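See structure below.
The values are calculated or read from the model by the stated rules, or taken from the named source; none is laboratory data. Since the structure is predicted, the reported quantities are computational estimates derived from the model, not experimental observations. Neighbour counts are summed over all protein chains in view; Cβ atoms, including those assigned to glycine, are modelled from backbone coordinates with ideal geometry.
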Ligand SMILES: Cc1ncc(COP(=O)(O)O)c(C=O)c1O
């Protein structure tokens, strides 16, 4: 067990009571280290924004704030939340289907750049800006064809999707912008895929973005120097020991910025998952273990209404077992040894599955199951009130490293 897992295991142990445990445990010290490491290894002209949709809990944002240049929001709700807690932090606003009220709030709350998704959104924004005697600063989010770049399991562009402006419509948008000085164009935004696990493939994608932005700058005589390359770096849930190779990526990025002559551009990254997934753990106590049609099922306290990530991504989520010795009943515990177990939750649906046929050395009723990589798109994408089960505890381990941690 590594240092972070040991800290989480201790916290889970402390949180146990007579009531079966169900909790999210976030290790803010691990998050702090991770974010600091990413920020420190980006080239000078590259900036880190955090896509708060991945996890907008206040302790998470407070931990990230010193390491990121700002936050990326995708709704009026996220904008209001971030602004109420971080009045001076730069905010950028993207996403499809923005309301007039959201665009107006962006103008009023000092959003640094709006990422515009269509010509009709541009028109509405211009109208709102004119009515307020304001200028709006924007990037155009463009959906590019990706014939020469490998895609991932979650692709938002390179083919027909509702995201961004088809690159064929760019000349029309630029001609329209030339007649509307209330909108200032600063550059382009691309977010064509998430779940990128391959550092070389991601560099190839960025090379494609860099060349395209410079080509349009030249072709249309644009005075722009901003490029937002989105988020999209993935977490390898299926093979947790083989994660995205950040050191190779950041080294390759520095070389790419030089070889593609991008030194004078401001290049922004807005990752969500890769920043916060690893700091979160979902913990459930085993309520029952049974056998059915030759398969073992462990029923845990909680389920996909708290932790929808495995169902949403279609994977069997990795977990480890924390054995518990407390057993209050006057009869023996049921359990399995050297078996494959499917872990399910308390919902009345066969879709409430967190892990399928996962090998365990030993698992007994009352043991704890700890699911790592549950800090992003986990609690925040789940249907919390289905069946009205109580919500899990949310435990945030201090951002201060424990005194003995450095010696471990
Ligand atoms: C426009 C945009 N930027 C950033 C992100 C964050 O992506 P990820 O969490 O994969 O880094 C998303 C995710 O949907 C997005 O749509």
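Output yes when any residue across the stretch 38-47 is within 16 Å of the ligand (Cβ to nearest atom), more than 30 Å from residue 175 (Cβ to Cβ), assigned to a loop (DSSP other than H, G, I, E, B) and within 17 Å of the chain's Cα centre (by Cα), and no when none is. The answer is no, given that none of the residues of the stretch 38-47 is within 16 Å of the ligand (Cβ to nearest atom), more than 30 Å from residue 175 (Cβ to Cβ), assigned to a loop (DSSP other than H, G, I, E, B) and within 17 Å of the chain's Cα centre (by Cα). Suppose we keep only residues that are outside any loop (DSSP other than H, G, I, E, B) and in contact with a helix residue (DSSP H, G or I) (Cβ under 6 Å, 6 or more places away or on another chain) within the stretch 166-201. Which one would you say is farthest from the ligand (Cβ to nearest atom)? The qualifying residue farthest from the ligand (Cβ to nearest atom) is 183.
With 119, 61, 99 as the choices, which residue is away from the ligand (no atom under 14 Å from the Cβ), in contact (Cβ under 8 Å) with a residue 40 or more places away in the chain and touching a helix residue (DSSP H, G or I) at 6+ places or on another chain (Cβ under 8 Å)? Of the residues listed, the single one that is away from the ligand (no atom under 14 Å from the Cβ), in contact (Cβ under 8 Å) with a residue 40 or more places away in the chain and touching a helix residue (DSSP H, G or I) at 6+ places or on another chain (Cβ under 8 Å) is 119. Of the residues 146, 125, 114, which single one is surrounded by fewer than 20 Cβ atoms within 10 Å (Cβ to Cβ) and either more than 16 Å from the ligand (Cβ to nearest atom) or outside any helix (DSSP H, G or I) (or both)? Exactly one of 146, 125, 114 is surrounded by fewer than 20 Cβ atoms within 10 Å (Cβ to Cβ) and either more than 16 Å from the ligand (Cβ to nearest atom) or outside any helix (DSSP H, G or I) (or both), namely 146. For the stretch 234-248, state whether one or more residues are in contact with a helix residue (DSSP H, G or I) (Cβ under 8 Å, 6 or more places away or on another chain), within 16 Å of the ligand (Cβ to nearest atom), assigned to a strand (DSSP E or B) and at pLDDT 95 or above. No: zero hits. With respect to residue 77, is the statement that it is farther than 27 Å from residue 227 by Cβ and within 16 Å of the ligand (Cβ to nearest atom) true? It is true that residue 77 is farther than 27 Å from residue 227 by Cβ and within 16 Å of the ligand (Cβ to nearest atom).
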